[in-house]
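Below is a structure I'd like to ask you about.
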Amino acid sequence: MVPMNPFLYVAASSLLTHYVFNRREPTTPQPVLATIFAVPTLWSIILLPQFGSPLSAVLFSFLIYLFVLAFSIASYRLSPFHPLASFPGTPISKLTKWWGVWETYEGRHYLRVHELHKKYGPIVRVGPNELSIADVTAIPAVLGSGGLPKGHWYGSRQDLRASKNLQVLNGDAHANRRRLWNRGLSSDSIESYSDIIEIRAAQLIDCLERQPGKICLSSFFSRFAFDFLGDMAFGGGFDLLRDGDTKNFNGIVDNGVLVSNIISQVPWITSMIHWVPSWRIGALALRDLGYNTARKRLNHGSITKDLYYHLTDDGGLERQKPSVTDILSDGTLAIVAGTDTIKTTLAAIFYHLLLNPTSYQRLQDEVDRVFPNSEDPMDFRKLSEMEYLDACINETLRVMPSVPTNGSRRISRGYGPRTIAGSVIPEETEIFVSPYPLHRDPRYFSPEPESFLPERWLKSPSSVSPEFRQLGPYIHNTSAFIPFSYGPHNCVGRQLAYRQLRYVVCLMMRRFETQFAHGFCPRDWIEKACDRLVLSTDPLPVVLTPRTNSTRVNCGV
Ligand code: HEM
């Protein structure tokens, strides 16, 4: 029998669709698209006798169905009945994740989330089913061992047609792969990569000495990072300092990570990446760069004990050899994780030092004191004892962590609610614990948490200036300092990163006086830093002047 009131029937099927999707949240677009196409199509056939014209029946069914579905979803998400209703946030963030897509596209997502925390406090609803928590107690509870498994955010980091890389794995599979990475980045392995740091850093200085006038410092840091990573992980192969970025490796990484970062806001569309040509090209180019580089390395076999020597278990320490497809998928991760982070951090260190001449001078003095003879080799042990150098590096990673957001964790269905940072959080909630808002929280870093003040890291009271003490009460909670994340999924390259950063910064300070280039606007540079998982910055134009013995004396040695 034809229904008396077609509106009610179509509307009821919309509400039923919402109920079903709410109970069994789809993780791929296919069931969503199939349902919202199939249900109104069916109604238009049933209602055809009532409307006479097929066009009117189709229009009516689709309009009513989609309108009621959208209305129902929106009302539920904004209603007091939603499981996350008690958590503050803007109406738009409660309503949809598409605001996050836009902000991510613009690269401002990390700044918006920080603003939301400043306005609403430590727990903020940043999506219909997502919270951002900026509270130190959430770090072990969410990211620590015994914390939560990775959330849907990580799904978008995965090429669906390939093996999972280390970053997206969970549980035992992650622990097994991580063991290989741990060996490749253990203290002994890092010791063996020190020669590569020295050679590539010397080549960087050589290149810079040959550049007259204004140069883009970040571009040279990027070349250094690529060349070092290529030698350390794949036994060589990039040589950007020698040839320039002729194959556009930087562009490939930038485009590839932009795509996955946008998709990570709405991970259920990951499989649609292949429907949008520019996304597909960007993602595939990055995947191919990682695959081909790793494949070439595997074909050559292990000549030195590089990272891939350990990832392929050429030392024969595992009961079962890792599979080739798994090893290949880690190639892209190695490139993205080990190049952009170093480039951005080096550029950010110089940016902050140049903006703060007192800090620059104090670091210069320390460098000249520890290495008084400009030709002496730099001993890595001495570098790790340079308190002010580490203070500058840590302060940069605090105010401008090169990974400002981190991936999400999730309370899985069936595991019940969890109490985190004093609040009961229902299951099926995605949770972000991000460095950026934590590092700028006055409860953890004071005085002036938003300012670059390396002195806050100095341990002995005698090294802290009276000016610093006058700024206000001192709070320094390093438990809230997580630029390398925390727990079993933290950065496996942390120690290697410090080694590179210390060496390059110190060598640059020994060899050059650095100034911002004429006309450079520091404010624009920092405001344009975009979150692409790793912060992506504009070029950093500077002028370098080689230091002579007389300038060293003038600098207080
Ligand atoms: C300043 C430099 C660096 C910073 C700030 C940094 C930061 C991070 C962060 C925050 C994560 C966790 C990302 C997530 O939420 O999943 C991570 C993971 C990772 N990083 Fe780094 N990183 C740096 C340098 C490096 C270097 C030099 C390597 C060497 C190749 C490296 C390799 C990795 C790998 C393989 C992972 C994945 C670990 C896992 O999932 O178990 N990183 N890094």
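The values are calculated or read from the model by the stated rules, or taken from the named source; none is laboratory data. Since this is a predicted model, take the numbers as computed values, not measurements. We place every Cβ from the backbone using ideal geometry, glycine too, and count neighbours over all the protein chains shown.
Give the residue that is modelled with the highest pLDDT, with candidates limited to residues of the range 237-255 that are part of a helix (DSSP H, G or I) and of a type in the set (Asp, Glu).
Top of the filtered list is Asp243.
Residue check: is Gly184 crowded, with 19+ Cβ neighbours inside 10 Å, under 20 Å from Leu496 (Cα atoms) and within 11 Å of the ligand (Cβ to nearest atom)?
yes
Answer yes or no as to whether Phe481 is within 16 Å of the ligand (Cβ to nearest atom), closer than 26 Å to Ser384 by Cα and of a type in the set (Phe, Trp, Tyr).
yes
Right, Leu84: at pLDDT 95 or above, in a loop (DSSP other than H, G, I, E, B) and within 16 Å of the ligand (Cβ to nearest atom) or not?
Answer is no for this residue.
What pairs come up if the first residue lies in the range 83-97 and is closer than 20 Å to Pro122 by Cβ, the second is of a type in the set (Asp, Glu) and at pLDDT 95 or above, and their beta carbons are under 9 Å apart, counting only those six or more places apart or on different chains?
Correct list of pairs: Leu84/Glu130; Ser93/Glu130.
Another question, then. Filter the range 143-174 down to the residues that are farther than 14 Å from Asp326 by Cβ, within 11 Å of the ligand (Cβ to nearest atom) and in a helix (DSSP H, G or I), then identify the one that is modelled with the highest pLDDT.
Filtering the range 143-174 for residues that are farther than 14 Å from Asp326 by Cβ, within 11 Å of the ligand (Cβ to nearest atom) and in a helix (DSSP H, G or I), the one modelled with the highest pLDDT comes out as Leu143.
What pairs come up if the first residue lies in the range 269-282 and is touching a residue at least 12 places away in the same chain (Cβ under 8 Å), the second is buried (at least 18 other Cβ atoms within 10 Å of the Cβ) and not in a helix (DSSP H, G or I), and their beta carbons are under 8 Å apart, counting only those six or more places apart or on different chains?
Short answer, once both residue conditions are applied: Thr270/Gln158.
Is it true that some residue in the range 322-333 is touching a helix residue (DSSP H, G or I) at 6+ places or on another chain (Cβ under 9 Å), farther than 20 Å from Leu453 by Cα and without any contact (Cβ under 8 Å) to a residue 24 or more places away in the chain?
No, every residue in the range 322-333 fails to be touching a helix residue (DSSP H, G or I) at 6+ places or on another chain (Cβ under 9 Å), farther than 20 Å from Leu453 by Cα and without any contact (Cβ under 8 Å) to a residue 24 or more places away in the chain.
For the subset of the range 444-472 comprising residues that are in contact (Cβ under 8 Å) with a residue 60 or more places away in the chain and of a type in the set (Lys, Arg), which member is surrounded by the most Cβ atoms within 10 Å (Cβ to Cβ)?
Among those residues, the one meeting the criterion is Arg456.
Every residue in the range 500-529 that is more than 9 Å from the ligand (Cβ to nearest atom), within 27 Å of Leu438 (Cα to Cα) and of a type outside the set (A, V, I, L, M, F, W, C), please.
Arg502, Pro522, Arg523, Asp524, Glu527, Lys528
Cβ-Cβ under 6 Å, sequence separation 6+ or interchain: first residue in the range 119-133 and closer than 15 Å to Ala85 by Cα, partner in a strand (DSSP E or B) and among the aromatic types (Phe, Trp, Tyr). Which pairs?
Close Cβ pairs (under 6 Å, with a partner that is in a strand (DSSP E or B) and among the aromatic types (Phe, Trp, Tyr)) amount to Ser132/Phe432.
Scan the range 140-168 for residues that are touching a strand residue (DSSP E or B) at 6+ places or on another chain (Cβ under 8 Å), surrounded by 15 or more Cβ atoms within 10 Å (Cβ to Cβ) and not small (Gly, Ala, Ser) and jot them down.
Selection gives Val142, Leu143, Leu148, Lys150, His152, Trp153, Val168.
Out of the strands (runs of 3 or more DSSP E) lying entirely within the range 344-461, which hold 2 or more residues that are within 16 Å of the ligand (Cβ to nearest atom)?
430-432
Identify all residues within the range 488-499 that are within 7 Å of the ligand (Cβ to nearest atom) and under 18 Å from Ala391 (Cβ atoms); write none if there are none.
Hits for the range 488-499 are Arg494, Ala497.
Name the one entry in Ile475, Ile526, Ile482 that is touching a Phe, Trp or Tyr at 6+ places or on another chain (Cβ under 7 Å), surrounded by 15 or more Cβ atoms within 10 Å (Cβ to Cβ) and β-branched (Val, Ile, Thr).
Exactly one of Ile475, Ile526, Ile482 is touching a Phe, Trp or Tyr at 6+ places or on another chain (Cβ under 7 Å), surrounded by 15 or more Cβ atoms within 10 Å (Cβ to Cβ) and β-branched (Val, Ile, Thr), namely Ile475.
List every residue pair whose Cβ atoms lie under 6 Å apart, where the two residues are 6 or more positions apart in sequence or sit on different chains, the first residue falls within the range 4-33 and is modelled with pLDDT of 80 or more, and the second residue, located anywhere, is part of a loop (DSSP other than H, G, I, E, B) and not aromatic (Phe, Trp, Tyr).
Tyr9/Pro3; Val32/Pro26
Among the residues of the range 304-333 satisfying the criterion of being over 19 Å from Ala162 (Cα atoms) and in a helix (DSSP H, G or I), which is farthest from the chain's Cα centre (by Cα)?
The qualifying residue farthest from the chain's Cα centre (by Cα) is Tyr309.
Same structure again: Pick from Leu229, Leu240, Leu185: which is within 15 Å of Lys343 (Cα to Cα) and touching a Gly at 6+ places or on another chain (Cβ under 7 Å)?
Step by step, each of Leu229, Leu240, Leu185 is checked, and only Leu229 is within 15 Å of Lys343 (Cα to Cα) and touching a Gly at 6+ places or on another chain (Cβ under 7 Å).
A further question on this structure: Condition check: within 20 Å of the chain's Cα centre (by Cα) and more than 15 Å from the ligand (Cβ to nearest atom). Does Val126 satisfy that?
So Val126 fits the description; yes.
Now for a different question. For the condition crowded, with 23+ Cβ neighbours inside 10 Å and either closer than 24 Å to Asn170 by Cβ or at pLDDT below 95 (or both), what is the one hit in Thr396, Thr405, Thr344?
Going through Thr396, Thr405, Thr344 in turn, the sole match is Thr405.
Report whether or not Gly144 is of a type in the set (Gly, Ala, Ser), in contact (Cβ under 8 Å) with a residue 60 or more places away in the chain and in contact with a Ser or Thr (Cβ under 6 Å, 6 or more places away or on another chain).
Judged against the criteria, Gly144 is not a match.
Given Val126, Val101, Val113, which one is of a type in the set (A, V, I, L, M), assigned to a strand (DSSP E or B) and within 28 Å of Val424 (Cα to Cα)?
Unique residue meeting the criteria: Val126.
Among the residues of the range 371-381 satisfying the criterion of being of a type outside the set (Ser, Thr, Tyr) and over 16 Å from Asp195 (Cα atoms), which is surrounded by the most Cβ atoms within 10 Å (Cβ to Cβ)?
So, considering only residues that are of a type outside the set (Ser, Thr, Tyr) and over 16 Å from Asp195 (Cα atoms), the one surrounded by the most Cβ atoms within 10 Å (Cβ to Cβ) is Phe371.
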